[in-house]
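The values are calculated or read from the model by the stated rules, or taken from the named source; none is laboratory data. Keep in mind that this is a model prediction, so the values were computed, not measured. Counting neighbours? That spans all protein chains shown, and the Cβs are built from the backbone with ideal geometry, glycine included. These area figures cover heavy atoms from the full protein model, side chains too; ligands, DNA and RNA do not enter into them. Shrake-Rupley method; radii C 1.70, N 1.55, O 1.52, S 1.80 Å.
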Amino acid sequence: MPRLRKSPPGVDPKLLIKDAAKLMPDPTRRLFLRGGASLGALVFLTGCDIVDSLSAERALIKVSYFNDRVQAWLFNPNKLAPTYPDSAVTRPFPFNAYYPEDEAPEVDKADYALEVGGMVDNKKTWTLDELYALPQETQVTRHICIEGWSAIGKWTGVRFSEFLRRVGADTRAKYVWFRCAEGYSTSIDMATALHPQTQMTFRFDGEILPRKYGFPMKVRMPTKLGFKNPKHVMEIAVTDKYLGGYWEDQGYNWFSGS
Ligand SMILES: Nc1nc2c(c(=O)[nH]1)N[C@H]1C(S)=C(S)[C@@H](COP(=O)(O)O)O[C@H]1N2
Ligand SMILES: [Mo]
């Protein structure tokens, strides 16, 4: 878990998070604590990238100005995450995974067959061409990593709710679980799966999703922290059973978002 050890120079994340929570009015404090109280959650709330002690201080100053009304969208699954103009896209966009970039899995386009299971009417597998033929849209949104960095990206793909509709998913199920090519996994609540900005993504910044960003398909959701956005998705299951995920099983907060 090399990524967990990295913390911004001059910043003790535990102390910073404690200080930030102390400054928050309720219900923001309660929601922040429920949401995992991580560096990423603090980035979520303040919009400050916490990369050193100066930016940590800036985040604390922002927290001290908190107003619950302004924070409401973050914790409301019916509200949209902010969107940005194309000119705000971070280039190059950071790569992140639990392994270095050159070890990103290589998924073969020709063999790809997305498995869909659990509480769905139609369990057929999907080829890439079938997926590409679905109606697509583009979003420019902020990706926030639990380690305390964020970046704006441009993702194109199919609304996940539309895909769930087409496979006849039982949307009364509690969770959607994802299995990735290299063994990574994560799961999300149904409200997030149906959120209008949750997307089955095939392109980044206009290009077919490069290998490092999750070829051939990732699931993008701007209302959740980065680790809840699975890359190289091979299998999707609609389920009532809590199946956790790679980082969730190691103690990361499952909810991790709004
Ligand atoms: N399959 C897979 N998906 C993953 C990860 C991973 O290690 N494997 N890391 C997660 C984390 S912690 C982050 S921040 C984002 C990074 O996505 P990016 O490389 O497009 O920036 O992917 C998420 N999805
Ligand atoms: Mo992350």
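So which pairs qualify, if the first residue must be in region 165-189 and in contact (Cβ under 8 Å) with a residue 12 or more places away in the chain and over 11 Å from Gly117 (Cα atoms), the second must be open to solvent by less than 40 Å² (accessible area, probe 1.4 Å) and among the polar types (S, T, N, Q), the Cβ gap must be under 7 Å, and the two must be at least 6 apart or on different chains? Note: pairs meeting the criteria are Ala173/Thr239; Tyr175/Ser187; Tyr175/Thr239; Arg179/Ser185. Is it the case that some residue within region 206-214 is modelled with pLDDT of 95 or more, more than 11 Å from ligand 1 (Cβ to nearest atom), in a loop (DSSP other than H, G, I, E, B) and over 20 Å from Val238 (Cα atoms)? Checked against the condition, which is being modelled with pLDDT of 95 or more, more than 11 Å from ligand 1 (Cβ to nearest atom), in a loop (DSSP other than H, G, I, E, B) and over 20 Å from Val238 (Cα atoms), region 206-214 yields at least one hit. Filter region 163-181 down to the residues that are surrounded by fewer than 17 Cβ atoms within 10 Å (Cβ to Cβ) and either within 16 Å of ligand 2 (Cβ to nearest atom) or part of a helix (DSSP H, G or I) (or both) and list them by number. Arg165, Arg166, listed by residue number. When region 239-254 is filtered for residues that are of a type in the set (Gly, Ala, Ser) and more than 16 Å from ligand 2 (Cβ to nearest atom), only Gly244 remains. When Arg142 is tested against (1) open to solvent by 10 Å² or more (accessible area, probe 1.4 Å); (2) closer than 26 Å to Glu103 by Cβ; (3) touching a residue at least 40 places away in the same chain (Cβ under 8 Å), only condition (2) is not met. Pro230 meets all of the listed conditions (1) surrounded by fewer than 23 Cβ atoms within 10 Å (Cβ to Cβ); (2) under 25 Å from Pro100 (Cα atoms); (3) modelled with pLDDT of 95 or more but one, namely (1).
Which ones in region 220-236 are assigned to a loop (DSSP other than H, G, I, E, B) and within 6 Å of ligand 1 (Cβ to nearest atom)? Across region 220-236, the qualifying residues are Asn229, Pro230, Lys231, His232.
Applying the set (1) at pLDDT 95 or above; (2) within 22 Å of Trp177 (Cβ to Cβ) to Phe95 leaves exactly one unmet item: (2). The condition of being under 12 Å from the mean Cα position of the chain (by Cα), crowded, with 19+ Cβ neighbours inside 10 Å and away from ligand 2 (no atom under 14 Å from the Cβ) holds for only one of Ile236, Ile188, that being Ile188.
Across region 87-107, the qualifying residues are those that are more than 10 Å from ligand 1 (Cβ to nearest atom) and open to solvent by less than 80 Å² (accessible area, probe 1.4 Å), and the one among them that is farthest from the chain's Cα centre (by Cα) is Val107. With respect to (1) more than 16 Å from ligand 1 (Cβ to nearest atom); (2) under 29 Å from Pro13 (Cβ atoms), the lone exception for Leu194 is condition (2).
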